[in-house]
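First up is the structure itself, then whatever we jot down about it.
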Amino acid sequence: MIYLDNSATTKPYPEVIESFVKVSTDYFGNPSSLHGIGAQAEKLLSTARKQIADLLKVKSVEAFFTSGGTEGNNLAIKGAALANQNRGKHIITTSIEHPSVMEAFQVLSEQGFAVTYLPVDATGRVSVVDLEKALRKDTILVSIMHVNNEVGSIQPIAEIGELLKQYPQILFHVDHVQGIGKVDLSLADAGIDLCTISGHKLHGLKGTGVLYIRQGVRIAPLFSGGNQESQFRSGTENVAGIVALAKAMRISLTNCMLYMHKLKEIRTVFYHGLQEIDGVQVNSPVDGAPHIINFSVPGLKSEVLLHELETEGVYVSTTSACSSKKRTVSKTVLEMYRNQERAESVIRISTSFHNEIEEAKQAIDAIRRAVAKLEKVMR
């Protein structure tokens, strides 16, 4: 099996699973309980929070635990907009965000907020100039993903943050789900106020995540309840999952330093190998994220090619995992190239530090055979 769907989810590290089982078995108390068992759990929770904050180079009081990327994005976007609407009701995002961002903005639009969707160019990037032109006196929030989940384009987050430092009334949210552990980002240097991270994208467990909220930023909670997480996120904390998340982040960030060269080599093999296959169009920019390659075979439906590759033991995806079962076109590729047929035939390859160069070569051969076979059938 050659697993190339790591942007959908990653295989947890063995150490992550071991830590989850250990904490679940031996430290199962509710961290809000006053007895000794609860105190043990609370101590583990505090330790994990500090470890994660240190890895992100932020304060412990700025790290809040969530169930993952979707909740983190919703809490950041809706929470920031609702808590600050007295200062304005204009919010900005891009035309290629993850569904958890796009649909959160849609909900706010239905509640009376004015939304500006920034376009992207053929490399999948937004223009800082376009953003500056879109700013208004009543703008209160800008939300832009770091690394696009479909094509791997990297947004100019540092430049955007520098621009927004001139507008202290505007909060800056970044969806860092696909960037963490793959593309460096300094939250402090980029002037980021809110940042979303998901555990299962970096070899942690599903149902875990962290939202960075800069100290002093006000957001409205989505949940009512026991006021955990400084009242931002009620609900008994998933202590075992959070401890596992801290371990996954530490290992992934270490691997990023040790094995990035290999990940980039694998991407180069895919990029050039795909360009040599007749009928294939590479959608990802040359200088995109090191772990994502997106391509199209116009005339072939994505699902058909995906399942043909599966018969050869190669596992890829079509659009974002959150959208793939809807069998919709790739909104990102459509926005980039304005070509419906190209957007209907996308395949996403997403790698991890566990993949090898030889696997990339074998996958390219499998793609070449699959395309040739299906194009013969389609004729």
Original post:
Taking the range 93-119, which residues are more than 23 Å from Phe232 (Cβ to Cβ) and assigned to a strand (DSSP E or B)?
Top reply: Thr94, Ala114, Val115, Thr116, Tyr117, Leu118
**OP:** Check Val147, Val174, Val129, Val210 and return the single one that is without any contact (Cβ under 8 Å) to a residue 60 or more places away in the chain and either surrounded by 19 or more Cβ atoms within 10 Å (Cβ to Cβ) or in contact with an Asp or Glu (Cβ under 6 Å, 6 or more places away or on another chain) (or both).
**Re:** Val174
**OP:** Specify the residue that is farthest from Phe270 (Cα to Cα); the eligible residues are those in the range 305-343 that are of a type in the set (Val, Ile, Thr), over 19 Å from the mean Cα position of the chain (by Cα) and at pLDDT 95 or above.
**Re:** Thr311
Subject >> Looking only at the range 120-170, and only at residues there that are touching a Phe, Trp or Tyr at 6+ places or on another chain (Cβ under 7 Å) and not in a helix (DSSP H, G or I), the one that is nearest to Arg214 (Cα to Cα) >> reply: Val142
**OP:** Determine the pairs where a residue that is of a type in the set (Lys, Arg), located within the range 300-317, has a partner that is surrounded by fewer than 15 Cβ atoms within 10 Å (Cβ to Cβ) with Cβ atoms under 9 Å apart, the partner being 6 or more residues away or on another chain.
**Re:** Lys301/Arg327
Original post:
Does any residue of the range 84-91 turn out to be open to solvent by 50 Å² or more (accessible area, probe 1.4 Å) and within 19 Å of Leu185 (Cβ to Cβ)?
Top reply: no
Subject >> Flag for Lys182 being open to solvent by 10 Å² or more (accessible area, probe 1.4 Å), in contact with a Cys (Cβ under 9 Å, 6 or more places away or on another chain), within 20 Å of Leu55 (Cα to Cα) and basic (Lys, Arg) >> reply: yes
Original post:
So which residues in the range 56-77 are under 20 Å from Gly207 (Cβ atoms), in a helix (DSSP H, G or I) and open to solvent by 30 Å² or more (accessible area, probe 1.4 Å), if there are any at all?
Top reply: Thr70
Original post:
Taking the stated definitions as given, is Glu42 out of contact with any strand residue (DSSP E or B) (no Cβ under 6 Å at 6 or more places or on another chain), in a helix (DSSP H, G or I), of a type in the set (D, E, K, R) and touching a residue at least 60 places away in the same chain (Cβ under 8 Å)?
Top reply: no
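The values are calculated or read from the model by the stated rules, or taken from the named source; none is laboratory data. Owing to the predicted nature of the structure, the values given are computational and were not obtained by experimental measurement. Using ideal geometry, Cβ is built from the backbone for each residue, glycine included, and neighbour counts are taken over all protein chains shown. Keep in mind that these areas ignore ligands, DNA and RNA; they rest on the heavy atoms of the full protein, side chains included. Shrake-Rupley method; radii C 1.70, N 1.55, O 1.52, S 1.80 Å.
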